[in-house]
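Visitor: Below is one structure. I have some questions about it.
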Amino acid sequence: MGLFGKTSFASIIHRIFGKKHAKIGIYGPPNVGKTTLANRILRDWTGDIMGSVSEIPHETRVAKWKKDVKVENGNSSLFMDIVDTPGIATKVDYKEFMNTFGLSKDESKQRAKEATEGVIESIRWLEDIDGVLLVMDATQDPFTQVNVTILGNLEARKLPVLIAANKIDMEDSSPATLKSAFPQHPVIPISALTGYNSENLYTKMVNHFGKRRRKKRR
């Protein structure tokens with residue numbers, strides 16, 4: 001249930017002022033740029049940031065959120081709470097933290113435990129999410145078990161989805177591959193790091209999530 005679905009007073013405010021408010025979750029596998037995108041959105045519209053980023057996967061181990069972020073598109077706008085979720089993985093192996101990133105065995109085991117708990121938390125958050133920005137790495141093969149599993153879960157819940165094809169600033173990126181892989185959802189090529197094509201993303205967010213949100217409230 002969305003934020004304004006909980007009280008009749010909020011519903012009255014919505015009808016009077018026409019304010020669309022949605023809780024948007026940023027989802028995806030580890031290290032695709034979810035927090036970087038959250039930081040980009042917040043910098044552009046509030047001057048704030050969501051959190052730190054790291055090359056080590058599962059840096060975000062608990063969900064973080066910012067309330068009442070206003071994104072505008074001409075005469076339309078979308079008020080939203082942005083939720084930056086931990087990366088979803090089908091398997092978390094502590095040895096990856098040791099062998100690839102040089103963490104100690106104890107630290108790696110703790111990190112793997114927290115990462116597993118983060119995956120569970122991300123799934124639980126879907127109960128309170130109105131729409132999803134699904135971040136995928138445009139330099140990687142889109143047909144991964146994680147991507148397919150996440151999309152299947154979102155489609156089963158009938159949540160509106162925008163796919164952000166991130167890292168198009170990289171030479172080996174191929175957003176067209178993502179578009180052909182998942183034609184049932186809008187795919188927006190972006191660089192969360194540089195901000196390239198972010199205006200197009202914001203336009204799509206206002207139109208897609210705002211429109212779907214209005215339908216949900218009828």
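Visitor: Within the stretch 194-215, restricting attention to residues that are surrounded by 16 or more Cβ atoms within 10 Å (Cβ to Cβ) and more than 21 Å from Ala176 (Cβ to Cβ), which residue is modelled with the lowest pLDDT?
Guide: Arg213
Visitor: Checking Ser191 against (1) part of a loop (DSSP other than H, G, I, E, B); (2) surrounded by fewer than 20 Cβ atoms within 10 Å (Cβ to Cβ), which single condition isn't satisfied?
Guide: (2)
Visitor: Being surrounded by 13 or more Cβ atoms within 10 Å (Cβ to Cβ), under 14 Å from the mean Cα position of the chain (by Cα) and farther than 14 Å from Asn31 by Cα is the requirement here; does Val132 meet it?
Guide: yes
Visitor: Assuming Gly74 fulfils every condition listed in (1) on the phi < 0 side of the Ramachandran plot; (2) exposed (fewer than 15 other Cβ atoms within 10 Å of the Cβ); (3) more than 14 Å from the chain's Cα centre (by Cα) apart from one, which condition is it?
Guide: Tallying (1) on the phi < 0 side of the Ramachandran plot; (2) exposed (fewer than 15 other Cβ atoms within 10 Å of the Cβ); (3) more than 14 Å from the chain's Cα centre (by Cα), Gly74 fails exactly one: (1).
Visitor: Of the residues Ile88, Ile49, only one is in a loop (DSSP other than H, G, I, E, B), closer than 20 Å to Asn153 by Cβ and of a type outside the set (Asp, Glu); which?
Guide: Ile88
Visitor: Tell me, yes or no, whether the stretch 170-192 has at least one residue that is acidic (Asp, Glu), under 18 Å from Met80 (Cβ atoms) and at pLDDT below 95.
Guide: no
Visitor: How many residues, within the stretch 135-150, are in contact (Cβ under 8 Å) with a residue 40 or more places away in the chain and assigned to a helix (DSSP H, G or I)?
Guide: Residues flagged as in contact (Cβ under 8 Å) with a residue 40 or more places away in the chain and assigned to a helix (DSSP H, G or I) within the stretch 135-150 amount to 5.
Yes or no, residue by residue, for (1) touching a residue at least 24 places away in the same chain (Cβ under 8 Å); (2) aromatic (Phe, Trp, Tyr); (3) over 30 Å from Asn200 (Cβ atoms):
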{"position": "Gly51", "(1), (2), (3)": "yes, no, no"}
{"position": "His58", "(1), (2), (3)": "yes, no, no"}
{"position": "Gly74", "(1), (2), (3)": "no, no, no"}
{"position": "Phe79", "(1), (2), (3)": "yes, yes, no"}
{"position": "Phe101", "(1), (2), (3)": "yes, yes, yes"}
{"position": "Glu117", "(1), (2), (3)": "yes, no, yes"}
{"position": "Leu133", "(1), (2), (3)": "yes, no, no"}
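Visitor: Within the stretch 151-168, which residues are without any contact (Cβ under 8 Å) to a residue 60 or more places away in the chain, buried (at least 17 other Cβ atoms within 10 Å of the Cβ) and part of a loop (DSSP other than H, G, I, E, B)?
Guide: Leu159, Pro160, Ile168
The values are calculated or read from the model by the stated rules, or taken from the named source; none is laboratory data. Note that this is a predicted model, so its numbers are computed, not measured. Note that each Cβ is placed from the backbone with ideal geometry, even for glycine, and that neighbours are counted across all protein chains shown.
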